[in-house]
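A.B. asks: Submitted below is the structure of interest, expressed as structure tokens.
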Amino acid sequence: MKFEKIVDAVVFAGIGLVVFGIAFWLMTKLAPFSVKKEIEEDQNTALAVIMAGVLIGISLIIAAAISGG
């Protein structure tokens, strides 16, 4: 019984990470500019804050979907 819960947690964590990675990849591909260049070279803090907010939002949605809430 306990082993099944651990397996479920690992599977859901894996699915969540894959969905999160796809969302991040999609965000960088849909941007009309190089996200890496804007954040690293141009020091665009506003873009980094916006991307962080979007990624936190996506993480909350994935967590709610996985937990059933």
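A.B. asks: Report the residues of segment 3-23 in range of a label on residue 55: point 7 Å along Cα→C-beta, backbone N strictly under 16 Å from it.
C.D. replies: In segment 3-23, the label zone of residue 55 (backbone N under 16 Å from the point 7 Å along Cα→Cβ) covers 16-23.
A.B. asks: Oh, and also: For the Cα atoms of the chain, what angle does the longest principal axis make with the long axis of helix 45-67, in degrees from 0 to 90, nearest 10?
C.D. replies: So the inclination is approximately 20 degrees.
A.B. asks: For residue 9 and residue 64 in one chain, what is 0.36 nm times their gap in residues minus the Cα-Cα distance, to one decimal in nm?
C.D. replies: Value of the extension gain: 18.4 nm.
A.B. asks: Now, a different point. Restricting the calculation to Cα positions, tell me the Rg (one decimal) and the Dmax (whole number) of segment 2-67 in Å.
C.D. replies: Values for segment 2-67 (Cα only, Rg and Dmax): 15.2, 50 Å.
A.B. asks: With +1 on each Lys and Arg Cβ and -1 on each Asp and Glu Cβ, and nothing else charged, work out how big the dipole of the chain is about its Cα centre, in Debye to the nearest 20. Numbers along the way, then the final one.
C.D. replies: Values: 5 positive and 6 negative charges, 42 e Å.
Roughly 200 debye for the chain.
A.B. asks: Between segment 1-28 and segment 38-69, how many Å separate their Cα centres?
C.D. replies: Their Cα centres are 17 Å away from one another.
A short reminder: the numbers here are calculations on the coordinates, not readings from a lab. Quantities reported herein were computed from a predicted structural model and do not represent experimental measurements. All Cβ positions, even for glycine, are placed from backbone atoms using ideal geometry, and neighbour counts span all protein chains on display.
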